[in-house]
Every structure is written in C-alpha cells, then in structure tokens.
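Below: the structure, in structure tokens.
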Amino acid sequence: MFYFDLDELGDVERNIYFFSRNRFNLYSFRDEDHFKGNPKPLREKVLDYLKANGIAQDIGKITLLTSARVMGYVFNPVSFYFCFSPDGRPLAAIAEVSNTFGEMKPYFIPPSENGFHLRAKKHFYVSPFMDLDLDFDFDLRTPGGTLEIYVDDLKGEERVLTSSMKGGRHALENARLIWYTLTYPLVTLKVIILIHWHALLLWIKGIGYHAKDDRQDMQKDILNPRQKK
C-alpha cells in the first residue's frame, strides 16, 4: 500500500518514473477513485467532507493510506485519511470503505487517546455473508514508522469479525517500487480475485447469504450508489 501526503502527489509523479497522477502508468493515482461523484481535486473533496462533519478550522497535512492503480486497475476495500491541524495536531481520520458494486461510504473517525476511534452503525453493504445490522469498530493508530489498524464488526458486544492491518514504513523510491512490482505482481488484481475466491468458499460451506437489494433501509449515505435494475 501507498501512504501519500496529498500535497506531495505532484512531487511523487515527478520523481517516480513509473507513477503518474490522473493518467496511465504502471502505477497511477486518480482523484476520481476517491469520494466518488465529486469532480474536485482530492484534497478539496476531503476538506468538504471535514467541513460537513464540523471541522471548520484550518487544515494542515492530509495523508492517505491506499492502493494505487496497477496497469490501470485498482479495487480498494478501504482507504484511510489522516487529517492534521497546521501545527500537527490530529483532527480526524476518515475510513473510505468500498464494495464490489462500485459503491463507497466514508466514516468520520474522531481522535482518541491512542490515535483515532469510532464505533458506528455500518449502514453499508460490504459482504453478502454479513448482516447489515452490525456496527463497525475502527481503531487506528497514527501512522509513523509502523502501521497498526483494526476494523472489527460487532453485533451488540460480540465481535463477529476481526481484521487488522500491520506493517513497516519504507521510502517510496524507484528501485524499491520496481522490486515490489516483481515481488507482488498485479497486486490490485489479486485483491479482487481473492475476494471472490473466498466468497465462493464461504458459499460452498453454506454460510447464510444476504442479497444486495434486501434491507435498502439499512444502506445509507452512500457515494456512487448502484442503480437497481
């Protein structure tokens, strides 16, 4: 995954040969892939969202943990924004969750003692094998030299699904990017293939299935909503 400062995307494009913004390359970052339906540059989209959630003060650095397109393709199950004041104080994080229907839902996560934390109603169709009447529990540490993120599904006080992301931070350099390309070829395509492969395994096991068009009342505040046929 990439960890970008949104103000430095132009510098990344100039210094990394196989990376481009809003045009094709081996790796590319497109503003349209985030906060879908808003045609503005990404930083402006994030500022609009923060303002709508009560953050009216000046915003300094905004960083984004995400996957870039590889050979023009990407599917990000979730991307994370970390937003800071001009003096470096954490103001909010945003979890931008996507599903395989092209829909997207952002979650505003306030700062906590250890980073950022939110428990909120899901109100979004992510997996056909999970109820819509669940809560997301986001627990994010501010990225530094390491990454530590937890996103669980709760039904009442029971954790019915736990997930985590952990890793180390490395500088984005041309040689390193080539090495990762050889080590993890077409990684974004692998993501969507594995999602469907594991869905097939769960279906074979007889796990209960929830259709996308069921419980429309539980699917709220969605970006780029799918049009029902």
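Any read-out appearing in this document is the output of simple, stated calculations on the displayed coordinates, not a laboratory observation. The model shown is predicted, which means the values in this text are computed figures rather than measured ones. Every residue, glycine as well, gets a Cβ built from its backbone with ideal geometry; the counts of neighbours run over all protein chains shown.
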### Task
For K122, enumerate residues with amide H under 5 Å from its amide H, sequence gap 5+ or separate chain, H modeled in the peptide plane.
L134, D135, F136
### Query
How would you rank H196, H117, going from fewest to most other Cβ atoms within 10 Å of each one's own Cβ?
H196, H117
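Which of the trypsin sites (Lys or Arg not before Pro) found in region 164-196 are loop residues per DSSP with 16 or fewer other Cβ atoms within 10 Å of their Cβ? Could you put the intermediate results ahead of the total?
Numbers: sites: K166, R169, R176, K190; in loops: R169.
Here the sparse-neighbourhood loop sites are R169.
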### Residue-wise HN-Hα coupling along region 149-163, computed from phi with Karplus coefficients 6.51, -1.76, 1.60 (Hz; x: Gly, Pro)
9, 10, 9, 10, 9, 10, 10, x, 9, 8, 8, 8, 8, 10, 8
### Message
Give me H198, H123, H34 sorted ascending by neighbouring Cβ count inside 10 Å, so fewest comes first.
### Response
H198, H123, H34
### Task
With no solvent and one equal point scatterer placed on each C-alpha of region 1-128, evaluate the Debye formula and give log10 I(q)/I(0) for q = 0.11, 0.13, 0.18 Å⁻¹, two decimals.
-0.39, -0.55, -1.05
### Query
So, in Å, what gap is there between the alpha-carbon centers of region 186-215 and region 121-165?
17 Å
### Task
Can you run the Rg to Rh ratio on region 128-229? Use alpha carbon positions and the Kirkwood inverse-distance Rh.
1.04
#### Entry: Taking the convex hull of Cα positions in region 2-218, its mean projected area over all directions (nm²)
13.2 nm²
### Summary
For R21, the residues 5 or more places away or on another chain with a placed amide H closer than 5 Å to its own amide H are F29
### Task
Output the Cα-based Rg and Dmax of region 67-177 in Å, rounding Rg to one decimal and Dmax to a whole number.
15.4, 48
### Karplus 3J(HN,Hα) series, Hz, for region 109-117 with 6.51 cos²θ - 1.76 cosθ + 1.60 (x for Gly, Pro)
10, x, x, 10, 4, 9, x, 9, 8
### Query
Order of L172, L140 from fewest to most other C-beta atoms within 10 Å?
L172, L140
### Task
Convert each backbone phi in region 215-222 into a coupling constant with the Karplus relation 6.51 cos²θ - 1.76 cosθ + 1.60 (shift: θ = phi - 60°), then list the ³J(HN,Hα) values in order as whole Hz, x for Gly and Pro.
6, 4, 5, 9, 10, 10, 6, 9
